[in-house]
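In what follows, a single structure is set out as structure tokens and then discussed.
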């Protein structure tokens with residue numbers, strides 16, 4: 001009975017998504033419509049679209065499950081997501097990006113940077129980086145979603161992957177950013193409804209807010225010995241300061257926030273879709289509450305599942321889930337929630353995946369079509385403005401689906417490992433290659449064209465080098481280091497043979513392999529900042545006219561003369 | 001044991017999450033009608049012209 005309801009609801013949901021995609025298509029007449037929604041998107045749609053793109057299924061299921069293991073200390077990530085990822089991002093980056101985007105008539109993130117630095121190389125280079133590295137990130141989300149959908153609807157993984165991709169492809173290619181954002185708004189609303197119901201039902205099941213927390217506090221004695229040794233002090237306490245678990249928690253939080261989020265093309269372009277700064281200000285409350293209800297609820301519920309599982313099975317969550325962190329939240333929902341909620345929650349997770357993927361498809365396609373072919377190489381304009389972009393999206397989709405399908409088939413577990421690192425690789429690269437230049441573009445008149453190019457290249461090369469050869473997590477998965485040098489990472493030559501799981505222990509015991517654990521961001525970002533500043537100091541500045549055009553005052557200056 | 005949490009740092013972050021969302025709400029309410037018409041006329045006109053051009057090409 002339940003599965004019949006589930007199938008029916010998925011079909012209705014897909015029809016509504018299809019209808020909204022069609023609305024996007026009908027409302028798209030110009031390139032500006034297709035790329036930035038005619039700059040007239042409603043603040044609710046903009047905020048929901050930003051939030052729903054930001055939060056993928058793994059933020060809820062993966063990180064929620066992690067909270068089931070680590071406890072509520074993970075809420076620091078939620079706090080930073082809201083404060084930095086929404087408040088600071090919208091108020092500081094959003095407003096300036098919007099105004100500068102309008103002044104320079106930019107339609108994509110690479111185009112904004114390219115026009116700000118008067119460089120087709122910047123636009124083409126940024127677009128190329130997006131187009132090369134985003135498919136892996138998209139594959140990571142796509143595979144997770146197809147597996148989940150396949151399991152829920154009892155259809156094969158391959159069928160789920162193709163059906164899912166074709167539906168998203170249709171509304172992204174036809175409807176452009178309007179199709180993406182309208183469906184995002186619906187999907188964000190479903191996610192909000194699902195997560196609100198989840199927190200209310202969980203607290204009411206466990207006897208109220210404070211009693212639920214108290215029950216979790218009382219479980220501290222049940223922390224497994226291995227975790228307790230690592231510094232775990234209970235699910236309502238932070239791990240012991242300086243303990244291995246404390247370091248793991250802090251690095252998860254720092255990387256989870258991912259400074260890269262601030263410079264992600266598919267998110268930054270959202271600021272250019274609204275009419276004025278007023279709409280961005282109006283989007284702030286919606287974005288803040290949305291993120292609170294997503295990761296905040298996932299982490300609180302993730303931790304509280306321990307109380308439920310302990311009361312009902314005598315085991316804590318991770319033991320009840322057989323050691324599979326990602327299974328904790330789905331198992332809890334299945335075991336404890338009413339049937340109607342399972343359907344709602346499934347739709348919420350489906351929405352989380354689709355909203356992230358659709359924006360990725362759009363960003364990849366516009367990078368290839370608009371930024372690289374049309375603008376940077378100056379080809380394709382004559383053949384009709386949007387054709388190149390639409391073909392670009394199609395190519396991006398085919399590459400992502402191919403990676404999702406083939407990597408796993410060809411390389412088995414290794415393929416899965418490569419895709420699993422896709423998100424981290426893309427976030428790291430965005431931060432190193434784009435962030436210094438983006439901040440410089442918005443706030444500094446002193447950053448020059450040469451500075452921007454040098455910073456982008458050094459950030460990109462440093463982070464790619466670090467991922468391929470040093471940072472153990474990526475270098476192991478990407479295999480190149482093993483092939484060329486016979487070791488997993490140049491930073492851990494001495495502990496070859498150690499299982500990945502023992503890495504942290506080795507590090508703590510010896511402290512000699514630190515480079516293998518240092519995130520590419522820590523190396524690439526400061527390097528890119530220094531290079532950008534130094535080269536800018538040594539190279540030719542932009543003309544006053546161009547700076548006025550970027551930062552305003554152009555009209556006044558003309559009047560005065 | 002504020003809110004039933006063992007560690008004051010966890011109590012603090014639980015409250016901070018809610019306060020930071022409230023900050024977003026207050027900011028939005030406070031700025032609801034501010035900064036609506038700041039776009040310079042000339043730029044908007046330029047943008048409209050560009051758009052017309054693209055439309056013609058289409």
Quick count over the stretch A:27-44, residues being under 21 Å from the mean Cα position of the chain (by Cα) and either outside the structural domain of residue A:194 (by TED's automatic domain parsing) or buried (at least 24 other Cβ atoms within 10 Å of the Cβ) (or both), is 2
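Looking at A:80, A:104, A:128, A:88, can you tell me which residue is closer than 15 Å to residue A:263 by Cβ and either away from chain B (no Cβ under 14 Å) or surrounded by fewer than 24 Cβ atoms within 10 Å (Cβ to Cβ) (or both)? Working first, answer last.
Details: A:80 fails: closer than 15 Å to residue A:263 by Cβ; A:104 fails: closer than 15 Å to residue A:263 by Cβ; A:128 fails: closer than 15 Å to residue A:263 by Cβ.
Answer to the selection: A:88.
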The condition of being in contact with a helix residue (DSSP H, G or I) (Cβ under 6 Å, 6 or more places away or on another chain) and more than 10 Å from every other protein chain (Cβ to nearest Cβ) holds, among A:22, A:50, only for A:50
*asked:* Take residue B:12 and tell me if it is modelled with pLDDT of 85 or more, more than 7 Å from chain A (Cβ to nearest Cβ) and either part of a helix (DSSP H, G or I) or closer than 30 Å to residue A:35 by Cβ (or both).
replied: yes
Wholly inside the stretch A:252-356, helices (runs of 4 or more DSSP H) that include 2 or more residues that are within 14 Å of chain B (Cβ to nearest Cβ) are A:277-291, A:297-313
Residue hits (the stretch A:477-507; at pLDDT 75 or above, assigned to a helix (DSSP H, G or I) and touching a helix residue (DSSP H, G or I) at 6+ places or on another chain (Cβ under 7 Å)) are A:477, A:478, A:480, A:481, A:490
Scanning the stretch A:216-245 for residues that are part of a helix (DSSP H, G or I) and facing chain B (nearest Cβ under 8 Å), the one surrounded by the fewest Cβ atoms within 10 Å (Cβ to Cβ) turns out to be A:220
All conditions in (1) at the interface with another protein chain (Cβ under 10 Å from one of its Cβ atoms); (2) crowded, with 24+ Cβ neighbours inside 10 Å are true of residue A:110 except (1)
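Considering B:26, B:44, which residue is assigned to a helix (DSSP H, G or I) and at pLDDT below 95? Steps first, answer last, please.
On the way: B:26 fails: at pLDDT below 95.
When all the criteria are applied, what remains is B:44.
The values are calculated or read from the model by the stated rules, or taken from the named source; none is laboratory data. None of these values were measured; they are calculated from a predicted model. Ideal geometry is used to build each Cβ from the backbone, glycine not excepted, and the neighbour counts take in all protein chains shown.
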